[in-house]
Amino acid sequence: MRPKLTRDRADRAALAARIAAIGGFVALIVVLLEIATGAPISWLGDLALIAMTLAIGPMMLGSYELGGVTPLWPSRLSLAGGIAGTVVWSMIQLAALAGIVPSNGGAPDSGVRLVADVALIVVGLWLTGAPPLAGPWLPSRLRWLGALSGLAFVLVGLGPIIGGDRTIGVIGGLGYVILFPIWAFLMARVFRTQAARAS
């Protein structure tokens, strides 16, 4: 049996969704500024993406507690894998920013960077599958927008593994910093509505 969504948990999920949306939008702005000015500020975009990704965990938990059509144990395994993916990817990205994880030099990712790519794919798979299987609390348009966002995460993770094909990364990146933040922003409204009902 899933735990019942409380007002506090729904509020936390709504806050996390807002943080995820803001993080994605900030990352997009940083990319555009870098293209326009050439300023070396990619580290700021990386930090925004880390905040965005970590915020997905509480969103996953809120979605799990609101329920769906997936049986309990597969839902729990999916939740655990998704949250683990957000943490693993974020920790490796922080280590890369600190210079602990070396650059791949343009070659296909391996070692720790490959682990980060797989973690991001796991997050993407959760996003691809969980929204379409959510209960009636999630509007239809958000189910499919969430799934498309998830596919973008998967492509962003696959790009460095395959190496050499920038098309996959560009297509995935657009969904990563445009579709997903829009979905997260709309999900914040859904969680706020559920918080009001929980109270």
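Just checking, does region 151-164 include any residue being closer than 24 Å to A96 by Cα, in contact with a Phe, Trp or Tyr (Cβ under 9 Å, 6 or more places away or on another chain) and in contact (Cβ under 8 Å) with a residue 40 or more places away in the chain?
yes
Need the failing condition index for A119 against (1) crowded, with 21+ Cβ neighbours inside 10 Å; (2) under 28 Å from T193 (Cβ atoms); (3) at pLDDT 90 or above, just the number.
(2)
Would it be correct to say that L145 is in contact (Cβ under 8 Å) with a residue 40 or more places away in the chain, under 17 Å from the mean Cα position of the chain (by Cα) and either more than 28 Å from S75 (Cα to Cα) or assigned to a helix (DSSP H, G or I) (or both)?
Details: in contact (Cβ under 8 Å) with a residue 40 or more places away in the chain: yes; under 17 Å from the mean Cα position of the chain (by Cα): yes; either more than 28 Å from S75 (Cα to Cα) or assigned to a helix (DSSP H, G or I) (or both): yes.
Criteria met by L145.
Would you confirm whether or not region 92-111 contains a residue that is of a type in the set (D, E, K, R), more than 20 Å from A16 (Cα to Cα) and touching a Pro at 6+ places or on another chain (Cβ under 6 Å)?
Of all residues in region 92-111, those of a type in the set (D, E, K, R) come to 109.
Next cut, more than 20 Å from A16 (Cα to Cα) only: 109.
Subsequent filtering for residues that are touching a Pro at 6+ places or on another chain (Cβ under 6 Å) retains 109.
Within region 92-111, one or more residues are of a type in the set (D, E, K, R), more than 20 Å from A16 (Cα to Cα) and touching a Pro at 6+ places or on another chain (Cβ under 6 Å).
Tell me the helices (runs of 4 or more DSSP H) entirely within region 21-140 that contain at least 2 residues that are farther than 22 Å from G173 by Cα and either out of contact with any His (no Cβ under 7 Å at 6 or more places or on another chain) or not hydrophobic (A, V, I, L, M, F, W, C) (or both). Give the derivation first.
Values: elements: 42-66, 72-97, 111-129.
Where helices (runs of 4 or more DSSP H) fall fully within region 21-140 and carry at least 2 residues being farther than 22 Å from G173 by Cα and either out of contact with any His (no Cβ under 7 Å at 6 or more places or on another chain) or not hydrophobic (A, V, I, L, M, F, W, C) (or both), they are 42-66, 72-97.
If you take the residues of region 27-68 that are β-branched (V, I, T) and within 30 Å of A198 (Cβ to Cβ), which of them is surrounded by the fewest Cβ atoms within 10 Å (Cβ to Cβ)? First the steps, then the outcome.
Here is the first cut: in region 27-68, the residues β-branched (V, I, T) are 29-31, 35, 37, 41, 50, 53, 56.
Restricting the remaining residues to those that are within 30 Å of A198 (Cβ to Cβ) gives 50, 53, 56.
Numbers: I50: 20, T53: 24, I56: 26.
Result: I50.
Looking at region 61-88, which of its residues are small (G, A, S) and either out of contact with any Lys or Arg (no Cβ under 9 Å at 6 or more places or on another chain) or over 22 Å from A51 (Cα atoms) (or both)? Break it down into steps so the answer makes sense when it comes.
We begin by selecting, within region 61-88, every residue small (G, A, S); these are 62-63, 67-68, 75, 78, 80-82, 84-85.
Those that are small (G, A, S) and either out of contact with any Lys or Arg (no Cβ under 9 Å at 6 or more places or on another chain) or over 22 Å from A51 (Cα atoms) (or both): S63, G67, G68, S75, S78, A80, G81, G82, A84, G85.
Looking at region 69-84, is at least one residue in contact with a strand residue (DSSP E or B) (Cβ under 6 Å, 6 or more places away or on another chain) and surrounded by 16 or more Cβ atoms within 10 Å (Cβ to Cβ)? Break it down stepwise before answering.
Initially, region 69-84 is screened for residues in contact with a strand residue (DSSP E or B) (Cβ under 6 Å, 6 or more places away or on another chain), giving none.
So far as region 69-84 goes, no, none of its residues is in contact with a strand residue (DSSP E or B) (Cβ under 6 Å, 6 or more places away or on another chain) and surrounded by 16 or more Cβ atoms within 10 Å (Cβ to Cβ).
Name the single residue, out of those in region 122-140 being at pLDDT below 90 and small (G, A, S), that is farthest from G157 (Cα to Cα).
It comes out as G135.
Six or more apart or on different chains, Cβ under 9 Å: which pairs go from a residue in region 44-60 that's under 20 Å from L142 (Cα atoms) to one that's not in a helix (DSSP H, G or I)? Could you list them?
M60/A130
Any residue at all in region 25-40 that's under 17 Å from R189 (Cβ atoms) and at pLDDT 90 or above?
Yes, that holds for at least one residue.
The values are calculated or read from the model by the stated rules, or taken from the named source; none is laboratory data. Only a predicted model underlies this, so the values are computations on that prediction, with no experimental measurement involved. Because the Cβ atoms are built from the backbone with ideal geometry, glycine has one as well, and the counts that use them run over all protein chains shown.
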